[in-house]
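The values are calculated or read from the model by the stated rules, or taken from the named source; none is laboratory data. Quantities reported herein were computed from a predicted structural model and do not represent experimental measurements. Cβ placement follows ideal geometry from the backbone for every residue including glycine, while neighbour counts extend to all protein chains displayed. Only protein heavy atoms, including side chains, enter the accessible area calculation; ligands, DNA and RNA are left aside. Shrake-Rupley method; radii C 1.70, N 1.55, O 1.52, S 1.80 Å.
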Amino acid sequence: MLTAFVLQLTTTVSQEKLNLAYHQRFERDYNYIDQEIRIAKEKYGIDYSEQTVEILKKQVTESSVKQVESVKKAFFGDRPVTLDTIILQKIIIRNYKEGGRYYYKRNAIENWRYALPIDILKQLSYFDQNAKETKELLEVLKEMIDLVNTPEIHWQEYQNFTETERRRSLGARYNIPDPLIEQLKKVQTRLLEDDLYSDFFKNLQAIKDRE
């Protein structure tokens, strides 16, 4: 009985250490998620379920991958996407959440795990210029541009960056297809030429070419 008690205690302590280490590793992700969930409730009256938020904070689990895939799929249709889904897409891109495996050639646009820029453009046509959905859709495009422009982190400097920054850097370097970047540029140019959206995009960085 004593041996069993010691083993159980040791296992509990070890699990607590693992949980703490995991939380510290993804602390920046969690803080951003909590902030956006709070803003969504205060600003738009959106209440995400505890399960949805819990899955948002997971990495490469079955439920997490399904969430990434289902949010992307929502933008494919020929009807307006709900505001809560738009905000989820923004959070997922910012934290560079992983989706499923790559089933195509490395540089295929099908490997892009989030909504396509042309789908965001289509969604903008469903909403008024001043709609809250329009604002958040533009924020999704901003997050895409920021991700594409993520600077490379050299391995000698890894210790100076967070887990999120490292993940985004590797993703920007190896997992963003060239056709996606070209499509994003075309959408940005299209919106810059539109008086309804030009002011928003004037404040954004130019999309960098991959070296």
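Is segment 122-211 rounded, prolate or oblate when judged by the Cα gyration tensor, a ≥ b ≥ c being the square roots of its eigenvalues, rounded requiring a/c under 1.5 and prolate requiring a/b larger than b/c?
On the way: a/c = 2.65, a/b = 2.06, b/c = 1.29.
In terms of gyration-tensor shape, prolate.
Tell me the angle of helix 178-192 to the major Cα principal axis of the chain, expressed in degrees between 0 and 90 and rounded to the nearest ten.
Here the helix axis deviates by roughly 50 degrees.
If I take every Cα pair under 8 Å that is 6 or more residues apart in the chain, average their sequence separation and divide by the length, what percent do I get for the relative contact order? Can you show the working numbers first?
Working: 193 pairs, mean separation 42.0, N = 211.
The value is 20 percent.
Using +1 at the Cβ of each Lys and Arg and -1 at the Cβ of each Asp and Glu in segment 117-211, identify which of Ala131, Leu141, Leu191 lies farthest towards the dipole's positive end.
Result: Leu141, furthest along the dipole toward the positive end.
Using a Förster radius of 45 Å, what is the FRET efficiency between Arg25 and Asp84 based on their Cβ-Cβ separation? Nearest 0.05, please.
Working: r = 27 Å, r/R0 = 0.61.
It comes to 0.95.
Taking the chain as the reference, fit the longest principal axis to its C-alpha atoms, fit the long axis of helix 2-25 to the helix C-alpha atoms, and give the angle between the two in degrees, 0 to 90, nearest 10.
20 degrees
Anyone know which of Thr134, Thr164, Thr61 comes out most mobile in the 10 Å Cα GNM of the chain?
Evaluated over the chain, the most mobile residue of the options is Thr61.
Cα axis of helix 163-174 to longest principal axis of the chain: angle in degrees, 0 to 90, nearest 10?
The helix 163-174 is inclined about 50 degrees to the chain.
Amide H of Tyr197: which non-local residues (sequence gap of 5 or more, or other chain) have their own amide H closer than 5 Å, using H built in the peptide plane?
The answer is none.
Please list Lys97, Lys66, Lys57 from largest to smallest accessible area, probe radius 1.4 Å, with all protein chains kept in place.
Details: Lys97 5, Lys66 115, Lys57 55 Å².
Sorted by accessible area, descending: Lys66, Lys57, Lys97.
Compute the FRET efficiency between Tyr32 and Lys186 as 1/(1 + (r/R0)^6), taking r as their Cβ-Cβ distance and R0 = 22 Å, and round to the nearest 0.05.
Details: r = 29 Å, r/R0 = 1.30.
E(calc), rounded to 0.05, equals 0.15.
Given axes a ≥ b ≥ c from the Cα gyration tensor, I'd like to know whether the chain is rounded (a/c under 1.5), prolate (a/b larger than b/c) or oblate.
Since a/c reaches 1.5 and a/b is larger than b/c, the shape of the chain is classed as prolate.
Which shape class, rounded, prolate or oblate, goes with segment 156-204 when its Cα gyration tensor gives a ≥ b ≥ c as root eigenvalues, a/c under 1.5 marks rounded, and past that a/b bigger than b/c marks prolate? Let's see the in-between values first.
Working: a/c = 4.93, a/b = 2.05, b/c = 2.40.
Oblate is the answer for segment 156-204, as a/c is 1.5 or above yet b/c matches or exceeds a/b.
Connecting C-alpha atoms closer than 10 Å in a GNM of the chain, tell me which of Ile109, Ile46, Ile37 has the biggest fluctuation.
Comparing Ile109, Ile46, Ile37 in the GNM, the peak value goes to Ile46.
Can you compute the helix-only [θ] at 222 nm over the chain? Use -39500 (n - 2.57) per DSSP H run of at least 4 residues, normalise by all residues, nearest 500 deg cm²/dmol. Write down the numbers at each step before the final one.
On the way: 10 runs with 131 residues, N = 211.
That comes out to -19500 deg cm²/dmol.
Could you check the simple spin-label distance between Lys57 and Ala131, using points 7 Å along Cα→Cβ, in nm with one decimal?
The answer from the label model is 3.2 nm.
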